[in-house]
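The structure appears right after this line, and notes come after that.
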Amino acid sequence: MQRAVMELNLALTRFNTMPGQNLFTIDLQTIPLVAGTATYSVPPETRMILSPFIRYSTNPVLDRYMFPISRDEYAAISTKGTPGFPSQYWFDRLIAPTVTFYLVPDAAQTYSFMYYRARQIQDATVANGQSLELPTRFFDAITADLAHRLARVYRPELEQVRKVDRDEAWSIASTEDTEWTPMYVQPMLGSYFRR
């Protein structure tokens, strides 16, 4: 039983690292910014920052989208301490992750950094019959993944069969784990057809 719980938690870790976001792990976070402070702690279960924006007024609500930069891009900024309206951020994915802003928040506004984040799936515990933190669309995928993991240890001759089952179940679950919104592509061709 202990081996099964360990393998189950490793399977959940695998779910955290598969391509795309697990929509059921996305939530909205807020960090109040302090004038003159560039770097802030982020909850350690944060895997990635999605859709970040700065809220700089609440009446009326005014938000401005922010753009991520890489470690190299941040390192290349020669004037890291320049105060102003923050427009870029660097998310440092450490064990204790941080987010660093450029420009450094000034005192001209009250800023809040708001972002949707993808967080880690909570570990499985079997005490008191706790349910897994998974929507039902992932039940087959986690069961197939656990069967594959246990087959590697207890029935190696079935490992490849269980791997095929696991991959198929993951493909079905991850395909369903999407936002169903239309995408519009509208080319700007007006300037090509002037008379």
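The values are calculated or read from the model by the stated rules, or taken from the named source; none is laboratory data. Everything numeric in this text was worked out from a predicted model, so none of it was measured. Positions of Cβ are generated from backbone atoms using ideal geometry, with glycine treated the same way; all protein chains shown enter the neighbour counts. Ligands, DNA and RNA are excluded from the accessible area calculation, which covers all protein heavy atoms including side chains. Shrake-Rupley method; radii C 1.70, N 1.55, O 1.52, S 1.80 Å.
Checking the condition closer than 21 Å to Thr17 by Cα and of a type outside the set (S, T, N, Q), which residue from Met66, Met48 passes?
Met48
May I ask you to verify whether Ser57 is in contact (Cβ under 8 Å) with a residue 12 or more places away in the chain, open to solvent by 70 Å² or more (accessible area, probe 1.4 Å) and either polar (S, T, N, Q) or on the phi > 0 side of the Ramachandran plot (or both)?
Criteria not met by Ser57.
For Ala124, indicate whether it is assigned to a strand (DSSP E or B), modelled with pLDDT under 95 and closer than 16 Å to Phe15 by Cα.
On the way: assigned to a strand (DSSP E or B): no; modelled with pLDDT under 95: yes; closer than 16 Å to Phe15 by Cα: yes.
When the stated conditions are applied, Ala124 does not pass them.
Kindly list the number of the only condition in (1) within 21 Å of the chain's Cα centre (by Cα); (2) closer than 21 Å to Phe15 by Cβ that fails for Ser70.
Checking Ser70 against (1) within 21 Å of the chain's Cα centre (by Cα); (2) closer than 21 Å to Phe15 by Cβ, the one that fails is (2).
For residues in the stretch 165-195 being aliphatic (A, V, I, L, M) and in contact with a helix residue (DSSP H, G or I) (Cβ under 9 Å, 6 or more places away or on another chain), which is modelled with the highest pLDDT?
Per the stated criteria, the residue is Ala169.
Among what's in the stretch 30-40 and is open to solvent by 40 Å² or more (accessible area, probe 1.4 Å) and touching a strand residue (DSSP E or B) at 6+ places or on another chain (Cβ under 6 Å), pick the residue that is farthest from Leu103 (Cα to Cα).
That would be Thr30.
When you scan the stretch 36-49, do you find a residue that is within 14 Å of Phe113 (Cα to Cα), within 10 Å of the chain's Cα centre (by Cα) and at pLDDT 95 or above, even just one? It would help to see each step written out before you state the result.
To start, the set of residues in the stretch 36-49 that are within 14 Å of Phe113 (Cα to Cα) comprises 37-43, 49.
So of that shortlist, the ones also within 10 Å of the chain's Cα centre (by Cα) come out as 49.
Narrowing further to those that are at pLDDT 95 or above: 49.
Scanning the stretch 36-49 turns up at least one residue that is within 14 Å of Phe113 (Cα to Cα), within 10 Å of the chain's Cα centre (by Cα) and at pLDDT 95 or above.
Of the residues Leu146, Leu158, only one is open to solvent by less than 90 Å² (accessible area, probe 1.4 Å), free of Cβ contacts under 8 Å to residues at least 12 places away in the same chain, hydrophobic (A, V, I, L, M, F, W, C) and in a helix (DSSP H, G or I); which?
Leu158
Could you list, in sequence order, the residues of the stretch 71-104 that are in a strand (DSSP E or B), touching a residue at least 24 places away in the same chain (Cβ under 8 Å) and closer than 23 Å to Asp27 by Cβ?
Listed by number, the residues that qualify are Tyr89, Phe91, Thr98, Val99, Thr100, Phe101.
Checking Thr98 against (1) more than 30 Å from Ile172 (Cβ to Cβ); (2) open to solvent by 40 Å² or more (accessible area, probe 1.4 Å); (3) of a type in the set (Val, Ile, Thr), which single condition isn't satisfied?
(2)
When you scan the stretch 5-18, do you find a residue that is open to solvent by 80 Å² or more (accessible area, probe 1.4 Å), farther than 24 Å from Ala96 by Cβ and not aliphatic (A, V, I, L, M), even just one?
Checking the stretch 5-18: not a single residue is open to solvent by 80 Å² or more (accessible area, probe 1.4 Å), farther than 24 Å from Ala96 by Cβ and not aliphatic (A, V, I, L, M).
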